[in-house]
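Notes for the one structure printed next.
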Amino acid sequence: MSGNRLIKLDGEQYLVNFSALSNFKDWYIVDYTPISEVLNPIYANQRLYYFSSVFLLLFSILLALLLYRDVQIPIRKLLWGVRKITSGQYSITLRQESNDEFMYLFDRFNEMSKEIKELIERVYMEQIRSKEAKLRQLHSQIQPHFLYNSLAFIKSMTELDEKQAVIDMSISLSRYFRQTIKFENTYTT
């Protein structure tokens, strides 16, 4: 027969292990140990476990905050800049304080933003120049026909002795050419 028991001696608890000897009928091997010696290593391991768990939790939180600061915030800035460019705000520039891959990305983004703005301005100016050239071409095509038709009208009105119509047409024609000259001067200067 073998087993163990908790006993209390002089106010202290002991763990008593016993086992019967097979060769001797009423003989037992008995081992007793203060329960505190048995439980102290368990309590020490338990405290180490809790301390390690709290330390790992705090370390994980710190690591998450550092990753958020060093990765997530710059990515959000970059996405914000892309959204601004997509909405048509081409003069946007991004700033990054650290000297890492994100600084390189931000610099390339700023260069791209500046280049897009310059290209849009060039295309816009080219469109304006193209429209002005078409307008001048149309104007130069219309002007001789208009002048011929106006002079033919004045001649016909003179033959019909319509003095007032000739006077009105002459005034209108002079105003027209005055405006045309002003118009051409604004586009050529």
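Data for the structure
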read-out: Centre separation in Å (Cα based) which lies between the stretch 8-48 and the stretch 143-168; value: 134 Å
read-out: Relative contact order computed over the chain (Cα-Cα under 8 Å; 6+ residues apart), in percent; value: 8 percent
read-out: Long-range amide H partners of Ile92 with built H, under 5 Å; value: none
read-out: Likely footprinting exposure, Thr33, Thr86, Thr180, fewest C-beta neighbours within 10 Å first; value: Thr86, Thr33, Thr180
read-out: Under-5 Å amide H pairs with Gln13, H placed in peptide plane, nonlocal only; value: Ile35
read-out: Dimensions in Å of the chain - Rg and Dmax from alpha carbons; value: 49.8, 161
read-out: Greater than 23 Å apart at Cα, pairs in Lys84/Lys117; Lys114/Lys134; Lys84/Lys114; Lys134/Lys155; value: Lys114/Lys134; Lys134/Lys155
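Here, each number is a calculation from the coordinates, and none is a lab measurement. Here the structure is a predicted model, which means the values were calculated and not measured. When we count neighbours, we look across all protein chains shown, and the Cβ atoms used for this are built from the backbone with ideal geometry, even at glycine.
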